[in-house]
Amino acid sequence: MAEYILTGRNRRGRKVTEIVDADSADEAVRIFEHEGYSEVQLHTDDNAAPFQNPSKMRKSFTPREYLGYRTRSRLGCMLFLIRKMYTQAWPVYLICAAAFVYRRCIEAEWGLFDSLPLAFLSFPMIFAVYAELMSKAIPYRRMLKAVLKARWEEVPRHLRRVHFQLPPFERPFREAQALAGLGRLDEALDHFRPVADDPAVPPNLYWTYKALIFQTARERAKALECVGRAAELAPNSLLTHPP
């Protein structure tokens, strides 16, 4: 069983984003619709679901916030984090702001009671900038940008700097994709072949990503054969291909 993120309209017409535990994306959609939601939109496919656990982030983000955070730009992530920190403790920040403004209005001599509120008020902005600049996701974003721009020689370099855990297929897939893009298809296939023996990777997923390696090498006929093989193994699986 895996976790899927879905958005739908409840009976009052309000859009709601929730996490649903299910054995497949199709089942997750059926469960969500059975609970009374309409206009259902699925945000997690059968590729990603086994390797993501969005419920672990519930203490920090709602499902809707989690969904938005992973699609925001770097500036958007910083602004979101700043706003969230201010809104979570807004009474304290309001008191600090009032105290600081009051002391400036009465032209009191600058002291500890000015520095502390100012430091506290500035902390969310400083923390958000620091968190974004030091984010472990930066090399991963650079790697994806290199993939999207077909700068294949850059992909392995950025990938070596990714130090958080990736799904078991992604690192060998990206390395193989880069080799295929550089015209070294045989090496790419040899590099990716061990993924087929990994029990954590469903067979249909292996064939889906193998198709993308062929697609990168512009071997479209072979890519279609792999897609057909993946469809035979999991005809009801909802898959979204990566870049």
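Which one of these is within 30 Å of residue 215 (Cβ to Cβ), modelled with pLDDT of 90 or more, part of a helix (DSSP H, G or I) and among the β-branched types (Val, Ile, Thr): 129, 101, 147? Step through it out loud before you land on a result.
Numbers: 129 fails: within 30 Å of residue 215 (Cβ to Cβ); 101 fails: within 30 Å of residue 215 (Cβ to Cβ).
On inspection, the qualifying residue turns out to be 147.
Considering only residues of the range 158-193 that are open to solvent by 80 Å² or more (accessible area, probe 1.4 Å) and in a helix (DSSP H, G or I), which is farthest from residue 217 (Cα to Cα)?
Applying the first criterion (open to solvent by 80 Å² or more (accessible area, probe 1.4 Å)) to the range 158-193 yields 160-161, 163, 165, 182, 184, 186-187, 190, 193.
Retained after the next criterion (residues that are in a helix (DSSP H, G or I)): 160, 186-187, 190, 193.
Values: 160: 22, 186: 10, 187: 12, 190: 14, 193: 16 Å.
Result: 160.
Taking residue 26, is it touching a residue at least 24 places away in the same chain (Cβ under 8 Å) and either in a loop (DSSP other than H, G, I, E, B) or surrounded by 19 or more Cβ atoms within 10 Å (Cβ to Cβ) (or both)?
Spelling it out, it is not the case that residue 26 is touching a residue at least 24 places away in the same chain (Cβ under 8 Å) and either in a loop (DSSP other than H, G, I, E, B) or surrounded by 19 or more Cβ atoms within 10 Å (Cβ to Cβ) (or both).
Would you check which residues across the range 190-243 are of a type in the set (D, E, K, R) and either at pLDDT 95 or above or more than 25 Å from the chain's Cα centre (by Cα) (or both) and list them?
190, 193, 197, 210, 218, 219, 220, 222, 225, 229, 232
Return the residue satisfying two criteria in turn: it lies in the range 41-54 and is open to solvent by 40 Å² or more (accessible area, probe 1.4 Å) and either touching a strand residue (DSSP E or B) at 6+ places or on another chain (Cβ under 7 Å) or in a loop (DSSP other than H, G, I, E, B) (or both), and of such residues it is nearest to residue 209 (Cα to Cα).
Filtering the range 41-54 for residues that are open to solvent by 40 Å² or more (accessible area, probe 1.4 Å) and either touching a strand residue (DSSP E or B) at 6+ places or on another chain (Cβ under 7 Å) or in a loop (DSSP other than H, G, I, E, B) (or both), the one nearest to residue 209 (Cα to Cα) comes out as 50.
Does the range 133-143 hold any residues that are in a helix (DSSP H, G or I) and surrounded by fewer than 16 Cβ atoms within 10 Å (Cβ to Cβ), and which are they?
Hits for the range 133-143 are 133, 137, 138, 141.
State the number of residues belonging to the range 57-110 that are within 16 Å of residue 137 (Cβ to Cβ), free of Cβ contacts under 8 Å to residues at least 40 places away in the same chain and open to solvent by 90 Å² or more (accessible area, probe 1.4 Å).
Selection size over the range 57-110: 3.
The values are calculated or read from the model by the stated rules, or taken from the named source; none is laboratory data. All figures in this text were calculated on a predicted structure; none of them were measured in a lab. Counting neighbours? That spans all protein chains shown, and the Cβs are built from the backbone with ideal geometry, glycine included. Please note that ligands, DNA and RNA were not included when accessible areas were found on the heavy atoms of the full protein model with its side chains. Shrake-Rupley method; radii C 1.70, N 1.55, O 1.52, S 1.80 Å.
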